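Reading through the structure tokens given below for one structure.
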Amino acid sequence: MAERREQIMDGRAIQRTLERMAREIVERNDGTEGLSLIGIYRRGVELAERIAAEIETSEGQRPPVGTLDITLYRDDLMAIGPRPVVGETRLPKEGIDGRVLVIVDDVLFTGRTARAAMDELADFGRPARIYLCVLVDRGGRELPIQPDVVGRHVEVLHGERVEVLVEEEDGRTAVELVTESKEG
């Protein structure tokens, strides 16, 4: 199996998109009061940090950022093996009760990751509101979950996937459409 990669967003396009998403989050919340960003481990964490920095630049106040690892809340936990790698869940020191939370993820596909994130957050408290913010919505939902803030909609065909690359994890920043192809 070989794969073909097509870049659909470069680092600059992602930066412009995150700037727009940050403005939209502030607008939806009518400012930064009571706002916290929660990045889904791995790449959602980096995107949440970048959005928080954009909000700080434009509003003069950086919202708290937390991290969420949904591994143990997945509905396919048994399918991923007997020893899943679990990252760190670290909520903002302000807690989540009564706050407006923005769950940040890289790609929205089936909706199962977002559902697992909400399930985990419910174990920690009761936020006033939860928004779902994704860099890429690729469609294909299996659950009735829709994002509130979307960077870009990408049509993805069978045999294709969207990969978000961030400097901190991958050494470069881009969004790529990856197509599996059979050679032979």
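Readers should treat all values here as calculations from the given coordinates under stated rules, not as data from a laboratory. These figures come from a predicted structure and were not determined experimentally. Here the Cβ positions follow ideal geometry from the backbone for every residue, glycine too, while neighbour counts run over all protein chains shown.
Hey, got a sec? Which GluC sites (Glu not before Pro) in segment 1-69 land in a DSSP loop and have at most 14 other Cβ atoms within 10 Å?
Here the sparse-neighbourhood loop sites are 33.
Once fully extended, how much extra length lies between residue 126 and residue 53, figured as 0.36 nm per residue of separation less the alpha-carbon to alpha-carbon distance?
23.7 nm
Provide the per-residue ³J(HN,Hα) series for segment 90-96, in order, calculated from phi with Karplus coefficients 6.51, -1.76, 1.60 and θ = phi - 60°, each as a whole number of Hz, with x at glycine and proline positions.
Couplings: 9, 8, x, 4, 6, x, 10 Hz.
From the gyration tensor of the Cα coordinates in segment 12-159, what semi-axes in whole Å does the equivalent ellipsoid have, largest first, with each one equal to sqrt(5λ)?
That gives 24, 19, 13 Å for the three semi-axes.
Label points 7 Å out from Cα along the Cβ direction at residue 97 and residue 23: separation in nm?
3.7 nm
Taking the C-alpha atoms of segment 100-149, how large are the radius of gyration and the largest Cα-Cα span, Dmax, in Å?
Reported Rg and Dmax, both Å: 10.6, 30.
Per the Kirkwood treatment, what hydrodynamic radius in Å, one decimal, follows for segment 91-184 from the mean inverse distance over all distinct Cα pairs?
It is 14.9 Å.
Over segment 129-183, what portion of Cα pair distances is larger than 14 Å, expressed as a whole percent?
Beyond 14 Å sits 63 percent of the P(r) for segment 129-183.
Using packing as a proxy for protection, rank 169-177, 141-149 so that the peptide with the highest average count of other Cβ atoms within 10 Å comes first.
Going by the mean number of other Cβ atoms within 10 Å, highest first, we get 169-177, 141-149.
Determine the gain in length on full extension of the stretch residue 180-residue 161; use 0.36 nm per residue of separation and subtract their C-alpha separation, reporting nm with one decimal.
That works out to 6.0 nm of additional length.
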